[in-house]
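K.L.:
Below: one structure in structure tokens.
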Amino acid sequence: MFKKQTLIAWITLVAISVMPLSVLAQTEIKLHSNKYSVQDDIKLGRQAAQEAESQFPLLRDEQVRGYVESVGRRLVAAIPQDFQHPEFQYYFKVVNARDINAFALPGGPMYVNRGMIEAARTEGEMAGVMAHEISHVALRHGTAQATKGQKYSILGGIAGIAGTILGGPGVGQLAQAPFAVYLLKFSREYETEADILGSHIMANAGYDPRDLANMFRTIEQQGGGGGGFLSDHPSPNDRYARINREAQLLRVNTSTYRDSREFARIQERLRGYGTAPTMAEIQRSGQRYPVGEQTGNYPNNPPSGRVSYPSSSYRNYNIFNGGVQVSVPSNWQEVNDQNSVWFVPEGAYGQYNGQAVYTHGASFGVAQTSNRDLQRATQELINSLAQGNNNLRTSGGYQRTTMSGRTALFTTLSNINEATGRPESVRLITTQLRNGQLFYMIAVAPQNESGFENAFQNILRSVRIND
Ligand SMILES: [Zn+2]
């Protein structure tokens, strides 16, 4: 590593001495004063990433994610040395949302919306947005802006969930702001810096820096303004011209040229998924998403799906801070997601493509829906579940039942388990809490296994809600 950098520095020196003077005029970027440490950036970013991944459905497609990651790695490797922070861990994930947006968090986590990949006309345009985002991270704009006492605002689409903020308090206090996603609405000065550094990164990585400017045009044309990328990254007046001017001062590294066929293949693949939900729809659904990688609750392997039958003895659990009591087979264990609780036998859960997957078991959760009518609220929940499970289908109507003595609806859905590829039956039972939120139980087992019916019935009957 050391040798390689020395060599690059040497080559750069030689190159500069033989290049025309204009090359030397590429804009220099100075770091802003920052009272936070690099470790603070990392810590903040981790917290925010965990929050983000519980609020946004990640696209579970290893090919798409791997592709975005490969473009991202290429850009990160091209960050000018002055702005490299070896401690930062850049990684790239795709959010299954239609809005043309992307965001990066301090220290490196980055999320690209599916809508952004679909809107870009070329890989270079997509890379342009990513290079811009990487620049905010590399320049530590989040904590620099906080140093000035300016506040973090919350990501456009998910606004309203909470609003807390880096401004005055120390980083430690951020941990107490559970539902916030810390995203900056950057000042135009920072935007220009991210555009300039972004163009340098583009050129170093072998992309035409003008594609960064082109992408801003594409975003404007496709309506990424209100609530989208341009509201989080407000345009300096002459953004397009400014980037193009800088581009003329840069030499594109042509040794790493890449063709656009892979980008075309990825776009084609995304079209096969149908329409992604908007951030607003995701927010309205109130659905929380598993963050298996962060909670550390999941074995890092796909579930085998081979499990023991439910024990006939039961064990009581208090969940949701004692708000709900439930009794489950004693050979099942409790697994906590962000906002739902699973009870599963050994072998029935694990990670697949970075996501928590369950083959057998029961889970409980609370959903914020916009509907007071139980059936409509349930339908809303089903729609949001379907966003993360492409094969989920309703396979019957609603039946009335009771849960904890209150009116409840029972419906059966079918699904193909991602990890095992086997068809599974998903029973959903919903009822309403006093505050209007929807409380639900989900029971999952493969379609050809009938040995779980009794256990599911017993669990449903055992539910006691104290709200
Ligand atoms: Zn920006």
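The values are calculated or read from the model by the stated rules, or taken from the named source; none is laboratory data. Predicted, not measured: the structure shown is a model, and the values here were computed from it. In this analysis, Cβ positions are derived from the backbone assuming ideal geometry, glycine residues included, and neighbour counts consider all displayed protein chains. Surface areas here come from the heavy atoms of the whole protein model, side chains and all, with no ligands, DNA or RNA. Shrake-Rupley method; radii C 1.70, N 1.55, O 1.52, S 1.80 Å.
K.L.:
Just to make sure I understand: if all protein chains stay in place, what is the order of Arg306, Arg393, Arg261 by accessible area at 1.4 Å, largest first?
P.N.:
In descending accessible area the options line up as Arg306, Arg261, Arg393.
K.L.:
Moving on to the next point. How big is D for the range 359-467, in µm² s⁻¹ as a whole number, if Stokes-Einstein is applied with the Kirkwood radius of its Cα pairs at 10 °C and 1.306 mPa s?
P.N.:
On the way: Rh = 14.2 Å.
The calculation lands on 112 µm²/s.
K.L.:
Which of the peptides 111-124, 92-105, 415-428, 395-408 is most tightly packed, and how do the rest follow, going by the mean number of other Cβ atoms within 10 Å of each residue? Each step should come with its number before you reach the end.
P.N.:
Working: 111-124: 23.4, 92-105: 25.1, 415-428: 17.8, 395-408: 13.9.
Peptide ranking by packing, descending: 92-105, 111-124, 415-428, 395-408.
K.L.:
Right, next: log10 I(q)/I(0), Debye, Cα-only the range 16-110, no solvent, q = 0.21 Å⁻¹?
P.N.:
For the range 16-110, the Cα-only Debye profile gives -1.15.
K.L.:
For Asp195, what accessible area in Å² do you get when you roll a 1.4 Å probe over the heavy atoms of the protein chains, rounding to the nearest 10?
P.N.:
The accessible area of Asp195 comes to roughly 10 Å².
K.L.:
How big is the range 85-129 in terms of Cα radius of gyration and Dmax, in angstroms?
P.N.:
Computed over the Cα atoms of the range 85-129, radius of gyration and Dmax are 11.2, 33 Å.
K.L.:
Along the range 446-451, what does the Karplus equation 6.51 cos²θ - 1.76 cosθ + 1.60 (θ = phi - 60°) give for ³J(HN,Hα), rounded to whole Hz, x for Gly and Pro?
P.N.:
x, 4, 8, 10, 9, x
K.L.:
Just to confirm the filter: which chymotrypsin sites (Phe, Trp or Tyr not before Pro) across the range 349-380 are DSSP coil and have at most 13 other Cβ within 10 angstrom of their Cβ?
P.N.:
Sparse-neighbourhood loop chymotrypsin sites (Phe, Trp or Tyr not before Pro): none present.
K.L.:
Next question, about the same structure. Could you rank Lys148, Lys35 by how accessible they are, 1.4 Å probe, largest area first? Don't jump to the answer; show the numbers that get you there.
P.N.:
Details: Lys148 105, Lys35 135 Å².
Descending order: Lys35, Lys148.
K.L.:
Of Tyr190, Tyr240, which has the most accessible area and how do the rest follow, probe 1.4 Å?
P.N.:
Ranked list, largest accessible area first: Tyr240, Tyr190.
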